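Scroll down for the structure; my scribbles are underneath it.
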Amino acid sequence: MELQTLNMTMIWLIVLVVLVVIELLTMGLTTVWFAGGALMATIASLVHAPVVIQIILFLVTSALLLYFTRPVAVKYFNKDRVRTNAESLVGRQAIVISEIDNLQGIGQVNVGGMEWSARTRTDGVTLPVGTVVIVFAIDGVKLIVEEKKDL
């Protein structure tokens with residue numbers, strides 16, 4: 001092997017190892033795509049491809065992996081993720097503790113012992129104190145609620 005090929009192979013291997021180590025430490029699906037690109041560039045350096053081709057292969061492979069496999073990986077990686085903090089309030093029942101009126105910009109609910117500012121999902125709907133509501137969404141620091149309908 002000539003000296004330049006050996007040097008480029010070592011550089012790509014170092015880049016590959018660093019990216020894999022970062023991925024293992026973070027487990028955030030952040031660098032694995034670029035590690036694939038580094039692997040392709042390493043193989044290209046071993047077959048004596050010019051440095052420009054190695055860099056292009058690195059960039060193109062990384063971009064293709066990122067574009068085509070990341071959405072699938074994120075879907076399966078996050079499927080068992082437990083919702084935390086405010087996210088966990090969506091779908092829960094709450095009690096109106098201060099009349100909710102979107103026009104006036106007022107209203108509060110109690111969810112799990114915590115008080116939250118709230119708005120109705122539909123403008124023009126006013127909910128009196130004591131109404132049982134379902135948390136539909138979160139908008140900033142306000143819960144978006146709708147009246148619970150009995151079946």
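The values are calculated or read from the model by the stated rules, or taken from the named source; none is laboratory data. Small disclaimer: the values here were computed from a predicted structure and weren't measured. Backbone-built Cβ (ideal geometry, glycine too); neighbour counts: all protein chains shown. What goes into the accessible areas is simple: the full protein's heavy atoms, side chains included, and nothing from ligands, DNA or RNA. Shrake-Rupley method; radii C 1.70, N 1.55, O 1.52, S 1.80 Å.
Which residue, Q54, Q93, Q104, tops the fluctuation ranking in a GNM of the chain built on C-alpha contacts under 10 Å?
Of Q54, Q93, Q104, the Gaussian network model singles out Q104 as fluctuating most.
May I ask which residue of V15, Q93, T30 lies farthest towards the positive end of the charge dipole of the chain, with charges of +1 (Lys, Arg) and -1 (Asp, Glu) on Cβ and the Cα centre as origin?
So the residue furthest toward the plus end is V15.
Can you give the accessible area of L57, probe radius 1.4 Å, in Å² rounded to 10?
The accessible area comes out at roughly 60 Å².
For the chain, what is the convex hull volume of the alpha-carbon atoms per residue, in Å³? Before the final figure, lay out the partial values.
Details: hull volume 24.2 nm³, N = 151.
In the chain, the Cα convex hull volume per residue is 161 Å³.
Within 14 Å, Cβ to Cβ, of A118, how many net charges do the neighbouring residues add up to if Lys/Arg are +1 and Asp/Glu are -1? Intermediate results must be reported in sequence, preceding the final value.
Values: positive: R92, R119, R121, K142, K148; negative: E99, D101, E115, D123, D139, E146, E147.
So the environment of A118 carries a net charge of -2.
Which value in deg cm²/dmol, rounded to the nearest 500, describes the helix-derived mean residue ellipticity at 222 nm for the chain, given -39,500 (n - 2.57) per DSSP H run of n ≥ 4 and division by the residue count? Provide the component values of the computation, followed by the final result.
On the way: 3 runs with 66 residues, N = 151.
Estimated from H runs of four or more residues: -15000 deg cm²/dmol.
Which length gain, in nm to one decimal place, applies between V90 and N110 when the Cα-Cα distance is subtracted from 0.36 nm times their residue separation?
Fully extending the segment from V90 to N110 adds 5.9 nm.
Going by alpha carbons, how many degrees (0 to 90, nearest 10) lie between the helix axis of 51-77 and the longest principal axis of the chain?
The angle comes out at about 30 degrees.
Suppose all protein chains stay in the model; what accessible area per residue would a 1.4 Å probe give for the chain, in Å²? Show your work: numbers first, answer last.
On the way: 9860 Å² over 151 residues.
Heavy-atom accessible area per residue stands at 65 Å².
Which residue, M114, M27, M40, tops the fluctuation ranking in a GNM of the chain built on C-alpha contacts under 10 Å?
Top of the fluctuation ranking is M114.
Over the chain, what is the relative contact order in whole percent, taking alpha-carbon pairs under 8 Å and six or more residues apart?
Working: 228 pairs, mean separation 22.2, N = 151.
Once normalised by length, the contact order is 15 percent.
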